[in-house]
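*Asks:* Okay, handing you the structure first.
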């Protein structure tokens, strides 16, 4: 009987040791910043190549579809997060870069405004969470999750209707109702940040496996991307009203 390759056995031992180690709060924070850095670099590259003549639609399509598939894998298989989370950051960064370039070409200065507002909302929600102004109870989790699920279903219905040439002006237009809906969606996205902060804190406190550092960072990045894109869309609606 052949003996397993010593290098393979050593790799398996290191992998098993890594997955069995408990995650830490600082580990999750570091992974979150690393994923955000990867996304920013990928977005910057997509923006640059879009500005030199490449189609931003290509970056949006490849990054959006690839990011969605990778996000689904990470969500259903958290153990894959050390691989899928960085891959998601790259793919979603491509989509964000392409989308940002498109909006920047239509509305001057809108991207920087959206970035600053996203950072501001993140900081405010972190302070609110750390000071205990919002208590993360089971009822709060269910309420935010239900609202988020409702928004996702709204997106899905809107996408299907648009495939058949049916417009959804209350979601994509610049009417007062559409702007109010965007404000609500931004609010729900902001509340999801609180759930992400709670996930990181609870997982580190209960000694979850090391891969959860990547998973927690991935969850936070998903919310930040969603928040940024919704703020970007809200600003564009407001600009169209002027």
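Readers should treat all values here as calculations from the given coordinates under stated rules, not as data from a laboratory. In this text the structure is predicted, and so the values were computed from the model without any measurement. Quick reminder, even Gly has a Cβ in these numbers, built from the backbone with ideal geometry, and neighbours come from all protein chains shown.
*Asks:* If you build the Cα gyration tensor of segment 68-122 and take the root of 5 times each eigenvalue, what three semi-axes come out, in whole angstrom, biggest first? All intermediate terms of the calculation are to be shown ahead of the outcome.
*Replies:* Values: eigenvalues 159, 36, 11 Å².
Listed largest to smallest, the semi-axes of segment 68-122 are 28, 13, 7 Å.
*Asks:* Another question about this same structure. I'm spelling it out carefully: the read-out is Cα Rg over 2.2 N^0.38 Å, the candidates are (1) 1.00; (2) 1.12; (3) 1.17, and one was derived from this structure. Which label?
*Replies:* Checked against the structure: label (2).
*Asks:* I've got another one for you. If one takes the longest principal axis of the Cα atoms in the chain, at what angle in degrees, from 0 to 90 and to the nearest 10, does the Cα axis of helix 56-76 lie?
*Replies:* 50 degrees
*Asks:* Still on this model: Kindly express, to the nearest 10 degrees and within the range 0 to 90, the angle between helix 25-51's C-alpha long axis and the longest C-alpha principal axis of the chain.
*Replies:* Once rounded, the angle reads 50 degrees.
*Asks:* Only Cα pairs within less than 10 Å get springs; with that Gaussian network setup on the chain, which residue of 118, 52, 137 has the largest fluctuation?
*Replies:* Of 118, 52, 137, the most mobile in the Gaussian network model is 52.
*Asks:* Measure nothing but the geometry: give the 0 to 90° angle between the long axis through the Cα atoms of 138-163 and the longest principal axis through the Cα atoms of the chain, rounded to 10°.
*Replies:* 60 degrees
*Asks:* Based solely on its DSSP helices, what 222 nm [θ] is calculated for the chain when runs of n ≥ 4 H residues each add -39,500 (n - 2.57) and the sum is averaged over all residues, nearest 500 deg cm²/dmol? Don't skip to the answer; put the middle values down first.
*Replies:* On the way: 9 runs with 200 residues, N = 242.
Helix contribution divided over all residues of the chain: -29000 deg cm²/dmol.
*Asks:* State the percent of C-alpha pairs, over all pairs in segment 90-163, separated by a distance greater than 14 angstrom. Walk me through the numbers before you get to the answer.
*Replies:* Numbers: 2101 of 2701 pairs.
Counting pairs separated by more than 14 Å, the tail of P(r) holds 78 percent.
*Asks:* For the chain, set up a GNM with springs between Cα atoms under 10 Å and report which of 228, 155, 103 has the largest fluctuation.
*Replies:* 155
*Asks:* Compute the relative contact order of the chain as a whole-number percentage, counting only Cα pairs closer than 8 Å that sit 6 or more residues apart in sequence. Let's see the in-between values first.
*Replies:* On the way: 275 pairs, mean separation 80.7, N = 242.
Computed value for the chain: 33 percent relative contact order.
*Asks:* Pick from 64, 53, 173: which residue has the top mean-square fluctuation in a GNM of the chain where Cα pairs under 10 Å get a spring?
*Replies:* Ranking 64, 53, 173 by mean-square fluctuation puts 53 first.
*Asks:* With just the Cα atoms defining each centre, how far is segment 132-197 from segment 17-64? Give it in Å.
*Replies:* A separation of 24 Å, based on Cα centres.
*Asks:* How do 105, 75 line up, fewest other C-beta atoms within 10 Å first?
*Replies:* Ranking 105, 75 by Cβ neighbours within 10 Å, fewest first, gives 105, 75.
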